[in-house]
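One structure below.
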Amino acid sequence: MTLTKRIYPDQTIGIIGGGQLGKMLAQSALRMGYKVAVLDPSEDAPASATSHLFINAPFDDEQALKQLGDASDVITYEFENIDGPLLEEMVDEYYVPQGADTLLTLQNREDEKDAIRNSGAKVVPFEKVESDEDVKAFTAKENYPVIVKTATGGYDGKGQYLIESEADLEDETIPYGDTQFIAEKYLDLEREVSLTVARSAGGKEVIFPLQENLHRNQILYRTIAPSRIDYQKEAELQVSKIMNKLHFTGVFTVEFFIDKSGVLYVNEIAPRPHNSAHHTIESCNISQFDAHILAVTNQPLPEITQHTPAIMMNLLGQDLDRLDNELFDYPEWHVHLYGKTSRKPERKMGHVTMLTDDVEAALNQLKTDFEKE
Ligand code: ADP
Ligand code: MG
């Protein structure tokens with residue numbers, strides 16, 4: 001069932017995945033008057049508190065997916081690793097305006113990078129690898145350092161091996177037999193940026209301002225929006241090439257690398273709301289979550305304007321341990337806590353958005369007040 005239709009308030013939006021992205025999607029949908037149904041395997045998932053119907057079941061539970069489909073007028077997802085055949089069944093039986101094809105391509109890093117490269121957009125040199133010998137053959141062309149990444153299921157740098165020399169390769173035990181891997185040239189990065197785009201079921205697209213992303217331990221640490229270096233036009237050009245090859249409905253974010261010589265490369269694409277666009281909740285006329293709900297319900301999308309520059313600071317488990325008592329000492333900050341019950345190091349527990357006309361001063365304040373680990 002792929003025809004486009006409009007979904008009206010009071011109808012139900014079904015979301016596969018009830019983490020923080022599902023929760024913030026639900027909050028937008030609820031504000032607009034929609035009902036929300038959510039499926040998530042953890043019984044205290046953040047979005048269990050923001051749904052009319054919460055189905056507590058694994059993502060590959062066919063009956064549970066059917067229950068979600070039967071209860072919903074439109075289905076979307078915050079979780080990327082939905083079982084392929086099950087998603088295809090959902091697309092056949094229910095209204096899933098995002099379809100299955102793009103998600104299935106993006107679920108596999110090799111297919112994703114092939115699709116990006118075939119679109120004419122620029123990607124970092126990469127190759128499929130099945131052994132240390134393959135990695136060595138790749139470095140013979142591209143030199144060290146390289147990064148070996150799992151093709152499936154990776155997030156926040158999980159399943160990645162930085163290989164700086166042949167000795168590193170010997171020290172590291174990469175489980176080639178367990179899953180697919182790619183090797184990619186490791187860049188000396190100048191910056192990382194991301195571009196968030198929303199495309200409605202009817203085909204209109206709107207673009208958010210380019211975001212600048214700082215990572216620590218391969219996890220997003222800060223986002224500064226708009227980016228302090230202006231690659232908006234170049235990023236939009238790359239995205240338009242990708243959009244000629246891959247079909248998108250809803251919100252998606254393209255992550256980019258900029259190397260020391262100023263070359264922009266596409267890194268990866270997330271076909272869902274993205275951590276680097278959380279600031280849009282407070283800084284833009286509509287948030288990425290609003291945009292996604294408008295898009296999948298086939299409501300018109302407004303042009304995007306950002307009214308104030310923003311800094312987003314992620315709150316990982318270890319950050320909350322330090323900041324618990326201080327978070328609300330800054331009443332002008334927008335504090336988001338996702339309501340996850342178990343706090344773990346490196347787990348995303350919440351984020352803070354600061355609106356400021358003086359980004360450098362705010363970054364300095366964060367340094368002195370919060371980076372005293
Ligand atoms: P994930 O799917 O885990 O987000 P990414 O490929 O985006 O995987 O890698 C996470 C982070 O690791 C990137 O945002 C970047 O900081 C660093 N990284 C990954 N690949 C490279 C590379 N080829 N060169 C330099 N840094 C990289
Ligand atoms: Mg990434």
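The values are calculated or read from the model by the stated rules, or taken from the named source; none is laboratory data. Note that the coordinates shown come from a computational prediction; the quantities given were computed from them, not determined experimentally. Positions of Cβ are backbone-derived with ideal geometry, glycine not excepted, and every protein chain shown enters the neighbour counts. In case anyone asks, the SASA skips ligands and DNA or RNA and just uses the protein heavy atoms, side chains included. Shrake-Rupley method; radii C 1.70, N 1.55, O 1.52, S 1.80 Å.
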For the range 125-185, give the percent of accessible area contributed by carbon and sulfur heavy atoms, probe 1.4 Å, rounded to a whole number. 44
Give, as a single signed number, the net charge of other residues whose beta carbon lies under 14 Å from the beta carbon of PRO300, with Lys and Arg counted +1 and Asp and Glu -1. 0
Can you compute the modelled spin-label distance between GLU332 and ALA49, with each label point 7 Å from Cα toward Cβ, in nm? 2.8
Tally Lys and Arg at +1 and Asp and Glu at -1 over the other residues with C-beta under 14 Å from the C-beta of ARG343: what net charge comes out? 0
For the range 12-96: relative contact order, % (alpha-carbon pairs under 8 angstrom, 6 or more apart): 34
Counting only C-alpha contacts under 8 Å and six or more residues apart, can you give the relative contact order of the range 125-185 as a whole percent? 52
Subtract the Cα-Cα distance of ASN118 and THR4 from 0.36 nm times their separation in residues, and report this length gain in nm to one decimal. 38.3 nm
Cut-off 13 Å (backbone N to label point 7 Å along Cα→Cβ of GLN306), residues of the range 263-280: 276-280
Given contacts defined as C-alpha pairs under 8 Å and at least six residues apart, what's the relative contact order of the chain, whole-number percent? 15
MRE, 222 nm, helices only [DSSP H, n ≥ 4, -39500 (n - 2.57), over the chain, to nearest 500]: -8500 deg cm²/dmol
Could you please report the charge total around ASN314, scoring K, R as +1 and D, E as -1 over all other residues with beta-carbon less than 12 angstrom from its beta-carbon? +1
Rounded accessible area of ARG322 (nearest 10 Å², 1.4 Å probe): 90
For the chain, report the accessible area per residue in Å² (1.4 Å probe, heavy atoms, rounded to an integer). 42
Output for the range 1-63: trypsin sites (Lys or Arg not before Pro) sitting in coil per DSSP, at most 16 other Cβ within 10 Å, listed by number, reads LYS5, ARG6
Rounded to the nearest 0.05, what FRET efficiency do GLN63 and GLN318 have when you use their Cβ-Cβ distance and R0 = 41 Å? 0.60
What are the membrane-span-like helices in the chain by this rule: whole DSSP H runs, Cα extent along the axis at least 24 Å, mean Kyte-Doolittle hydropathy at least 1.6? none
Please give the peptides 277-288, 96-107, 295-306 ranked by average Cβ packing (other Cβ atoms within 10 Å per residue), highest first, as a rough proxy for protection. 277-288, 96-107, 295-306
